[in-house]
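S.K.: Handing you this structure, nothing more for now.
The values are calculated or read from the model by the stated rules, or taken from the named source; none is laboratory data. Values in this document were obtained by computation on a predicted structure and should not be read as measured data. All Cβ positions, glycine included, derive from the backbone under ideal geometry; neighbour counts span all protein chains shown. For the accessible areas, the whole protein counts, side chains as well, though only heavy atoms, and no ligand, DNA or RNA atoms are used. Shrake-Rupley method; radii C 1.70, N 1.55, O 1.52, S 1.80 Å.
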Amino acid sequence: MRTSRVVAIVAFNVFKESVRDKVLYNLVFFAVLLIATSLLLGKLTAGQEVKIIKDLGLAAISLFGVFIAIFIGIGLVSKEVERRSIYSILAKPIRRHEFILGKYSGLVLTLLVNVAIMSIALYLVLGYMSWTEAEEFKRAWDAPAADPAMLKAIALIFVELMLVTAVALFFSTFSSPILSAVFTFGLFIAGHFNADLKHFEGVVDSRVAASVARGWYYVLPNLAAFDVKAQVVHAQPVTAGYLGFTVAYGFVYIAMVLLAAMWIFSRRDFK
Amino acid sequence: MTLAIRTTDLTKDYAVGFWRKRPYRALDQLSLDVGTGDVFGFLGPNGAGKTTTLKLLMQLTFPTRGRAEILGRPVGDVDVKRRIGYLPEHPYFYDYLTAEELLGGFAGMFGYRGAERARRVGTLLDEVGIGPERRLALRKFSKGMIQRVGLAQALINDPEVVFLDEPMSGLDPLGRREVRRLILRLRDQGRTVFFSSHILADAEALCSRVAILVGGRLRTVGSLSDITAFHVRGWELVVSGVEEPVLMRMGLMQRTTRIGEERYAIELPIDEPPDKVLSDLTVTGARLVSLNPIRDTLEDFFVRQVSGVDPPESRVKG
Ligand SMILES: Nc1ncnc2c1ncn2[C@@H]1O[C@H](COP(=O)(O)OP(=O)(O)OP(=O)(O)O)[C@@H](O)[C@H]1O
Ligand SMILES: [Mg+2]
C-alpha cells in the first residue's frame with residue numbers, strides 16, 4: 001500500500017520531468033522522418049516502399065527508444081545524488097529500493113508512451129500508403145501494410161528497451177553519467193553480438209578463450225533475440241512460443257539487474 | 001520522558017586522498033541526547049561536522065561506529081521517517097517541477113490525498129512566503145526561494161521532530177525573521193527542532209539548549225546561559241554631545257574610543273553599573289546613543305577552541 005504509493009509518486013515525477021525536459025520532441029523527428037521518406041519513396045520504388053517504411057519505422061522506434069533509455073537512464077540516480085535532491089526524498093517514508101523501483105517505472109512509463117505514439121504514427125502512415133496504392137501493386141505485397149504482426153516486433157523492442165533501461169539505471173547507481181553511458185552503450189553493442197560468443201570455440205583454438213567467451217555469453221544480455229524486425233517485415237512467422245520465451249528471458253534479466261541496482265544503492269553513502 | 005534524538009559514540013570517517021585512501025574523521029564519538037520539545041541549536045564553525053551528523057541521522061550515510069536513534073527507534077526506520085522532517089543544507093529539487101507539484105508529491109508520500117493534500121500544500125507555501133510563483137518550474141526560483149520551499153517540504157507531514165541544516169542560509173533579513181518565528185511556532189506546538197547554525201544570535205533567540213561541535217568533537221552542551229563563555233563581561237556605552245575634558249574629569253579616558261564628532265564609545269567592566277556612569281554623563285548634556293553587553297561571540301569561542309584543538313592533519317590517520 002505505502003510501497004505502491006511512493007513508487008508511483010517517484011515514477012510519475014520522472015515522467016513529468018522527462019516530458020517537460022522535451023524528451024518527447026523526438027516524436028516530431030520520428031513523424032517527419034517517416035512521412036518524408038514515404039513521400040520520397042513513392043516516386044522511386046514501386047511495390048517496395050511499404051517494406052522499406054516498415055523496416056525504417058521499426059528501426060527508428062528501437063533506436064530512438066534506446067537513446068531515451070540510455071540518456072535518461074544514466075542520469076536517473078546519479079544526477080539526484082550529484083545535485084543532492086536525493087537528500088530530501090530519502091528522508092521521506094520511502095525505502096531505498098522503492099526509490100530505485102520508482103525511478104525505473106517512471107522511465108519505462110516514458111518509453112511506453114513514446115513507443116505507443118510512434119507505433120500509432122507508423123500504422124497511420126502505412127494505412128495511408130495502403131489506401132492510396134493501386135490494387136495490382138498490393139497483390140505483390142507479402143503482408144498487408146498495416147500488418148498486426150508488427151506488434152510482435154514492437155513488443156520485443158519494448159522489452160529490450162526495458163532491459164537497456166535497467167542496465168543504464170544499474171550503472172547510474174554507482175557511477176557518473178558519462179561512465180554509465182559508456183558502459184551501457186558498450187553492453188548494448190556487445191549484447192547484439194552476444195550470440196556469436198556461444199560458438200566461439202569454433203573460431204579459436206584456445207579452450208581458455210572459448211570458456212571466457214562462454215562466460216560472457218551468460219552474463220551479457222542476448223539482445224539479438226529481441227530483434228524480429230526482418231521476420232515481421234518479410235512475413236515470416238514469429239511463434240507465440242518464441243515470443244513468450246524471449247519476453248520471459250527479458251523479464252528475468254531485468255529482475256536480476258534491478259535487484260543488483262537496489263542492493264548497491266541500499267548500501268551507498270551519500271557524501 | 002522519551003528522547004527525540006539520541007546518539008551514542010556516533011563516529012564517521014570519510015575516505016580521503018586520490019590514490020591512497022585514508023580515513024578522515026569528520027565526526028568523533030558524538031554522544032548527545034535531545035529531549036522532546038527542545039529547540040536544540042547545533043553550533044560549530046565550518047567543517048565542524050554538523051552536516052555530517054545530520055546526514056547520519058537521516059541515514060544518508062552510515063556511521064563508521066556508534067549508533068543513532070530518533071524517537072526511540074534506530075534511524076532509517078520508515079515509521080520514524082513518517083514523524084520527522086528534514087531540510088538539507090543547500091537544498092536542491094527538480095528543475096522541471098513546480099513548487100506545488102513537488103510538495104504535492106511529498107505530501108502524497110505521507111498519504112495525503114485530494115483536497116486535503118492541496119490544502120496542506122497551499123498553507124505551507126503561504127507560511128513560508130511563496131506566492132503565485134508556486135506554479136513556476138523550480139529552476140526559475142532564486143536561492144532564497146528554494147530555501148523556503150525546502151522549509152515547506154520539511155514540514156509537510158506536521159513532523160514531531162524537525163531537522164534543519166542551516167535554515168537561515170540564503171535568506172534575506174525578513175526571511176530570517178520569518179524562519180525564527182516559524183521555529184518558535186513549532187516550539188509552541190510542542191515539536192522538537194534540531195537545527196545547525198554558525199550564528200550565535202540565531203541560537204540565542206531560539207534555543208533552549210545548544211551543543212557546540214568543533215573539529216568533529218563535542219565541546220559543550222547545555223543551555224546558553226550555562227555556558228560561561230557567553231556570559232556578559234561588560235558594557236559598551238556609546239554617547240554623543242560630550243567633550244573630552246568631561247570624560248577626563250570622570251577618569252574614563254583610557255577606556256574611551258573616539259568614534260566621531262563629539263561621539264565616544266566607552267567600555268565598562270561588569271562590576272561598574274552603566275546606569276551610574278550614564279546618569280553622570282547626561283547631567284553634563286551627553287546623549288545616549290547605544291548600550292550593548294560585551295561578551296564572547298560564538299566566533300571568539302570557536303577561535304579559542306580551535307587554537308586549543310589539534311590541527312586538522314592529526315584527524316587523518318594511517
Ligand atoms: N564527502 C566527504 N568526503 C570527505 N570529507 C568530507 C566529506 N564531507 C565532509 N567532509 C569533511 O568532514 C568535515 C565535516 O564536514 P561537515 O560538512 O559535516 O561540516 P559542517 O559542520 O556542516 O560545516 P559547514 O558549517 O561549513 O556546513 C569537514 O572537515 C569536511 O571536510
Ligand atoms: Mg554544514
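S.K.: Just grab the label-to-label distance for B:Asp226 and B:Glu243, each label 7 Å out from Cα along the Cβ direction, in nm (one decimal).
M.R.: 5.4
S.K.: What span do the alpha-carbon atoms of the range A:5-155 cover on each of the three principal axes, reported in whole Å from largest to smallest?
M.R.: Result, largest extent first: 67, 24, 17 Å.
S.K.: Give the peptides B:92-99, B:265-272 in descending order of average Cβ contacts within 10 Å, highest first.
M.R.: Final packing ranking: B:92-99, B:265-272.
S.K.: Starting at the first residue of the range B:43-57, write each ³J(HN,Hα) from the Karplus equation 6.51 cos²θ - 1.76 cosθ + 1.60 with θ = phi - 60°, in whole Hz, x for Gly and Pro.
M.R.: Couplings: 10, x, x, 3, x, 6, x, 5, 4, 4, 4, 5, 5, 5, 5 Hz.
S.K.: List, in order, the whole-Hz ³J(HN,Hα) value for each residue of the range B:92-98 obtained from phi through the Karplus relation with A = 6.51, B = -1.76, C = 1.60 and θ = phi - 60°; use x for Gly and Pro.
M.R.: 8, 10, 7, 5, 9, 9, 8
S.K.: Could you work out how far the C-alpha centroid of the range B:1-52 sits from that of the range B:110-134, in angstrom?
M.R.: 33
S.K.: Give the whole-number value, in cubic angstrom per residue, of the convex hull volume spanned by the C-alpha atoms of the range A:159-271.
M.R.: Given the Cα convex hull of the range A:159-271, per-residue volume reads 130 Å³.
S.K.: Another question, then. Tilt of helix B:173-188 relative to the longest C-alpha principal axis of chain B, in degrees (0 to 90, nearest 10)?
M.R.: The angle comes out at about 70 degrees.
S.K.: Please list, ordered by chain and number, the residues whose modelled amide H lies under 5 Å from the amide H of B:Glu262; skip anything fewer than 5 residues away on the same chain.
M.R.: Under 5 Å from the amide H of B:Glu262: no residue qualifies.
S.K.: Tell me, what is a quarter of the convex hull surface for the C-alpha atoms of the protein assembly as shown, in nm² with one decimal?
M.R.: 39.7
S.K.: Treat the range B:203-307 as a sphere of radius equal to its Kirkwood radius over Cα pairs and apply Stokes-Einstein at 4 °C in a medium of 1.567 mPa s; give the translational diffusion coefficient in µm²/s, rounded to a whole number.
M.R.: Roughly 82 µm²/s, to the nearest whole number.
S.K.: Another question, then. Once you charge only the Cβ atoms, +1 for Lys and Arg and -1 for Asp and Glu, what is the size of the charge dipole of the range B:233-295 about its Cα centre, to the nearest 20 debye?
M.R.: 120
S.K.: In the protein assembly as shown, if the dipole is taken from +1 on Lys/Arg beta carbons and -1 on Asp/Glu beta carbons about the Cα centre, which of A:Ile86, B:Phe195, B:Pro63 is farthest to the positive end?
M.R.: B:Pro63
S.K.: Go through B:Trp235, A:Trp131, A:Trp141 and list them by solvent-accessible area, largest first, probe radius 1.4 Å.
M.R.: A:Trp131, B:Trp235, A:Trp141
S.K.: Please provide three numbers in whole Å: the alpha-carbon extents of chain B along the principal axes, with the largest listed first.
M.R.: Principal axes ranked by extent give 74, 55, 44 Å for the Cα atoms.
S.K.: How far is helix B:143-154 tilted, in degrees, relative to the longest principal axis of the Cα atoms in chain B, given as a value from 0 to 90 rounded to the nearest 10?
M.R.: Long axis of B:143-154 versus the principal axis of chain B: about 60 degrees.
S.K.: Still on this structure, I have one more. For the range B:118-264, go through all pairs of different Cα atoms, get the mean of 1/r, take its inverse, and jot down that Kirkwood value in Å.
M.R.: Kirkwood radius, the range B:118-264: 19.0 Å.
S.K.: Okay, next question. Any chance you could check the Cα centroid distance between the range A:53-74 and the range A:104-118 for me, in angstrom?
M.R.: 11
S.K.: I'd like the Karplus ³J(HN,Hα) series for the range B:30-38: coefficients 6.51, -1.76, 1.60, θ = phi - 60°, whole numbers in Hz, and an x wherever there's a Gly or Pro.
M.R.: Once rounded to whole Hz, the list reads 7, 10, 8, 10, 10, x, 5, x, 6.
S.K.: Can I ask one more? Mind putting a number on the dipole of the protein assembly as shown about its Cα centre? Charges go on the C-beta only, +1 for Lys and Arg and -1 for Asp and Glu, and I need it in Debye to the nearest 20.
M.R.: So the dipole magnitude of the protein assembly as shown works out to roughly 960 debye.
S.K.: On a 0 to 90° scale, report how tilted helix B:298-308 is relative to the longest principal axis of chain B, with both axes built from alpha carbons and the result rounded to the nearest 10.
M.R.: 80
S.K.: Taking only the alpha-carbon atoms of chain A, what semi-axes of the equivalent ellipsoid follow from 5 times the gyration tensor eigenvalues under a square root, in whole Å, largest first?
M.R.: They are 36, 25, 15 Å, listed largest first.
S.K.: With an 8 Å Cα cut-off and a minimum separation of 6 or more residues, compute the relative contact order for the range B:47-164 in percent.
M.R.: Worked out over the range B:47-164, it gives 35 percent.
S.K.: For the range B:248-270 and the range A:234-266, what is the separation of their C-alpha centers, rounded to whole Å?
M.R.: Cα centroid of the range B:248-270 versus Cα centroid of the range A:234-266: 85 Å apart.
S.K.: Also, quick follow-up: Do any trypsin sites (Lys or Arg not before Pro) in the range B:1-72 lie in a loop, going by DSSP, with at most 16 other beta-carbon atoms within 10 Å of their beta carbon, and if so which?
M.R.: B:Arg20, B:Lys21
S.K.: I've got another one for you. Based on the Kirkwood radius over alpha-carbon pairs, what is the Stokes-Einstein translational diffusion coefficient of the range B:233-295 at 10 °C with 1.306 mPa s viscosity, in µm²/s?
M.R.: 139
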